[in-house]
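Heads up, the thing below is written out as structure tokens.
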Amino acid sequence: MEKWSLMTIVALLGLIVRWTVSLGSYSGAGKPPMFGDYEAQRHWQEITYNLPIKHWYFNTSDNNLQYWGLDYPPLTAYHSLLCAYVAKLIDPNWIALHTSRGYESQRHKLFMRTTGKCFRKGLMGKGLFLLIKLGFTVVVSFALCWLPFWTDVKQILQVLRRLFPVDRGLFEDKVANIWCTISVLFKIKTALSAETQFKLSFALTFLTVLPSCIKLTLQPSLKGFKYGLVSCALSFFLFSFQVHEKSILLVSIPVCLVINEIPFMSTWFLLVSTFSMLPLLLKDGLLLPYTVTTLAFFTACITSFSIFEKTAEDDLQLKILSSSIRRYISWFKAFPDIMKNLFLVSITLMGILTLMSATLDPPQRLPDLFPLAVSAVSCLHFLFFLLYFNVIVIWESRESRNQKKTN
Ligand SMILES: *[C@@H]1O[C@H](CO)[C@@H](O)[C@H](O)[C@H]1NC(C)=O
């Protein structure tokens, strides 16, 4: 009973925080002619409701793809269509063809917030039978989603072209991944051909997900699976092609799954992931919600997870690694201290950079100085976390094997 009331309180608290934050501004508010992501979501409702399905992904006189053309998979488009039916019931002006462009009102904002679209992308137990069942479900649902587009090779190719915007380049804005960070020193986008960039990005993504995937295939375990999710998502964020800043959320979600196992490192990671989106948040006028929710989250983690008391080797899941190291370097016992000090340096740096980004004007010759600094600092953190999570995936199974042996 007590557990239920606690869960209810936590859920309601989460709801209130979201509700409060939703009062803030949003991407592209009052910024014609293109507006922003909010308009993209609204425009997709307009397009999917008013145009025949065969026109959704094509440039036509009623569907200018340069104006927020649909570039997400069919399932997202169906969801837009569903929302459009609801919108039509409330106020047809919200999705009227052409005339609804840039529509803004308090009621519409409430509608958009409650239909809750931000972004979505499509990322075991009793052996083979389960695998076949799972595979079957995936294939069938995939086939159903694509059904309307199958009739025609032209349709399929156009949808794929919209979903994989290869010609948009290796990266666009100041995203905290390896490509944007390297570009500070080496202009990778101009120095290498598009094809080389593509191959390089593919190769690095593939190679960095490989260790945890191999480990998981050879020694499957629930724990390994959770940490494997984190490390693979992080590899994709750091090395793959055309990554958006907000894709770090795809790493944050699995990190939330392990926050009770490694509270100190998870809290640290989640703080960095939000910080990495600072330029985006500042652009949308969300400094206040960012500051308040970050401080509240940090305080909650300090008090409810006692993160600063959970830095022993056991709590960091680094026991086996450190005892292996100690076999060669007998005086080594520094992990907890190293981590704590790094953490302090890290949050100080993030605090200073936040303050500078929010209050100072960048030098005229370097207008992107602050966003770049935020990206580069976050990227260094993410590389460190990639190493850390891979160490857990690779050492963790050995640990559970040892435990089984002793049991
Ligand atoms: C796409 O269609 C719009 C009109 O809806 C037109 O202005 C634009 O030039 C077209 N773009 C391409 C690439 O054909």
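The values are calculated or read from the model by the stated rules, or taken from the named source; none is laboratory data. Small disclaimer: the values here were computed from a predicted structure and weren't measured. All Cβ positions, glycine included, derive from the backbone under ideal geometry; neighbour counts span all protein chains shown. These area figures cover heavy atoms from the full protein model, side chains too; ligands, DNA and RNA do not enter into them. Shrake-Rupley method; radii C 1.70, N 1.55, O 1.52, S 1.80 Å.
Key figures for this structure:
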quantity: The range 18-47 - residue that is within 15 Å of the ligand (Cβ to nearest atom) and assigned to a helix (DSSP H, G or I) and, of those, nearest to Tyr85 (Cα to Cα); calculated: Glu46
quantity: Candidate set from the range 48-65 (those that are within 11 Å of the ligand (Cβ to nearest atom) and among the hydrophobic types (A, V, I, L, M, F, W, C)); member that is nearest to Gln155 (Cα to Cα); calculated: Phe58
quantity: Some residue of the range 69-90 being more than 16 Å from the ligand (Cβ to nearest atom), open to solvent by 30 Å² or more (accessible area, probe 1.4 Å) and β-branched (Val, Ile, Thr); calculated: yes
quantity: Yes/no for Thr190 being among the polar types (S, T, N, Q), part of a loop (DSSP other than H, G, I, E, B), open to solvent by 60 Å² or more (accessible area, probe 1.4 Å) and over 28 Å from Val391 (Cβ atoms); calculated: no
quantity: Output for the range 324-346, where each listed residue is open to solvent by less than 50 Å² (accessible area, probe 1.4 Å) and outside any loop (DSSP other than H, G, I, E, B); calculated: Ser324, Ile325, Phe335, Pro336, Met339, Phe343, Ser346
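Yes/no per residue for (1) open to solvent by 80 Å² or more (accessible area, probe 1.4 Å); (2) part of a loop (DSSP other than H, G, I, E, B); (3) modelled with pLDDT under 75; (4) not basic (Lys, Arg):
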residue	(1), (2), (3), (4)
Thr114	yes, no, no, yes
Lys121	yes, yes, yes, no
Val138	yes, no, no, yes
Phe142	yes, no, no, yes
Trp146	no, no, no, yes
